[in-house]
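One structure is given here, and the rest of the page talks about it.
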């Protein structure tokens, strides 16, 4: 049910009952943070764990590759699952509990409840992955309700997801703090992502162009050039750089993700583009 | 924000902050029950309150006429709202807190999260009120998350709703007990309902036929007559008795609401029918 992983000596809860038993002694007097992940941990995740450690007494990391946020044609089957290495990394970060539920623990027999959202969930990722935020919303709601943390930490790399999770938590009175952490990057600007492992050496060479184009837009956004023209130029540059396809390059209001006519206050530019079969996303502040 | 209603001296919380402040002292050591209502309280509601009082240390009754579970053409505007009388009745039952949130407290600016369900939410009521269970699910989820009760009490009169609430609570790990209470009835069998107040004396005279036909089906269900024939006969009898329209009379499995081929174990028969502009529902065990 739960116990200490023998290889790594980190406390692993595989069931909801085990998780609740682990958390019970801390519930009344200690601040509990949750870092939800799909595993295949990299320095970006570990940065979220360190932020959680900074803000809370106890840190729970969940590892669950959530089928509900993959479409049938997507990479669920090949998504990396290096669980022993993940546990070793989390042990080194002194994580208190690693929650690794089975699919049946999250979606038991007869499960039939879905969450759908408008607002920040509309457009961008939803235009290309219409199933995505429904899948994210249900699994995050369930993890929040299973763990009942005081706070949860998410990366700004999935910026639209961060806004969706914030909105859902507020709408459902989930009564926790959602902490967003700036994107961790390689030296050449590429945002850290478990999916970077799919890239060939040639694709890996091209990949930093995504962040470069976003920074370029951010620096030119107040230059007077019309925003749609800036977006189109960046998309064209990505194709020239070697990306096969650009799902979107979009300048948006930072909280609502509405399309601004011109940039007067803070803004965000977000993009998604393909290198072979690998889809990369990134965003930067304007 | 919250306080003692001056006419009735019952503790009323009008805001989520007030509600949470009221509940905080009891949270750690006392069992809290919630009875969600739309007000217009009758003996049926008070029966639910008494059951809650029996099972818990503290009883919270919410009164919120939930717009999300009414379609535009339905009776939201004319739904009865006798709040002072409701408070007086709840005071007499020694209810600890009456939660009377405004619409803005439940659905604040920018609210955009919806819950949709299959399973027990499919068919019957959903065929005629497709918006209904989405509206019920979101408001009940929110009330559960705002109050965080140990248990919640619902009437079996809204039998399909009871199954939907049970399923949702399990699916979302809401971690409370859902208690179903048998339907309270007038001496002539009519199920107690706030909507009975709409009935003219003539309609009120006809109304008990609904329960009578359901009991009749229940007594004949194991007689060998084909179930669709039994359902059709009951619908015809309701029309003869003076009902203008019958939405459904349906024999179903008691947990899944699936249509049985024949009755081998427990079953339920459910019906909805119209007297003028008033829609009545009822159900009985087979």
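All of the numbers you see were taken from the coordinates with simple rules; none came from a lab. Note that this is a predicted model, so its numbers are computed, not measured. We place every Cβ from the backbone using ideal geometry, glycine too, and count neighbours over all the protein chains shown.
Quick notes
- Neighbouring Cβ atoms from other chains, within 10 Å of the Cβ of residues in A:172-178, number 4 on average.
- Label separation (residue A:92 vs residue A:42): 1.6 nm, computed from points 7 Å beyond Cα along the C-beta direction.
- Inter-centroid distance (Cα atoms) of the range A:38-109 relative to the range B:234-286, Å: 48
- Dividing the C-alpha radius of gyration of the range A:194-285 by 2.2 N^0.38 Å, with N its residue count, gives 1.08.
- Look at A:45, B:131 and count the other Cβ atoms within 10 Å of each Cβ; fewest to most, that gives B:131, A:45.
- Based on alpha-carbon atoms, the Kirkwood radius and the radius of gyration of the range A:232-276 give Rg/Rh equal to 1.06.
- Label-point separation, residue B:229 to residue B:170 (7 Å along Cα→Cβ), nm: 3.5
- Residue by residue along A:164-171, Cβ atoms of other protein chains within 10 Å of the local Cβ number 3 on average.
- For residue B:14, the distances from its label point to the matching points in the remaining copies are 5.4 nm, ordered from shortest, with each point set 7 Å beyond Cα toward Cβ.
- Value of D in µm² per second that Stokes-Einstein yields for the protein assembly as shown, Kirkwood Rh from Cα pairs, at 10 °C (1.306 mPa s): 60
- Position residue A:74, label points 7 Å along Cα→Cβ, spacing to each other copy in nm (shortest first, one decimal): 3.3
- Modelled label reach - residue A:259, point 7 Å along Cα→Cβ, the range A:272-286 residues with backbone N closer than 20 Å: A:272-273, A:282-284, A:286
- Inter-centroid distance (Cα atoms) of the range B:154-169 relative to the range A:174-218, Å: 46
- The angle between the Cα long axis of helix B:227-241 and the longest principal axis of the Cα atoms of chain B comes to about 80 degrees, rounded to the nearest 10.
- Where only alpha carbons of chain A are counted, the Rg and the Dmax (Å): 19.3, 60
- Convex hull of alpha carbon positions in the range A:38-105: directionally averaged projected area 5.1 nm².
- Helix-derived mean residue ellipticity, 222 nm - over chain A, DSSP H n ≥ 4, -39500 (n - 2.57), to 500: -11000 deg cm²/dmol
- Taking other C-beta atoms within 10 Å as the exposure proxy, A:81, B:252, A:261 rank A:261, A:81, B:252 from fewest upward.
- Residues A:51, A:277 in ascending order of nearby Cβ atoms (within 10 Å, fewest first): A:277, A:51.
- Amide N of the range A:108-136 lying under 15 Å from the label point, which is placed 7 angstrom from the Cα of residue A:15 along Cα→Cβ: A:108-109
- With its label point defined 7 Å out from Cα along the Cα-to-Cβ axis, residue B:274 lies at 5.1 nm from the matching points of the other copies, in increasing order.
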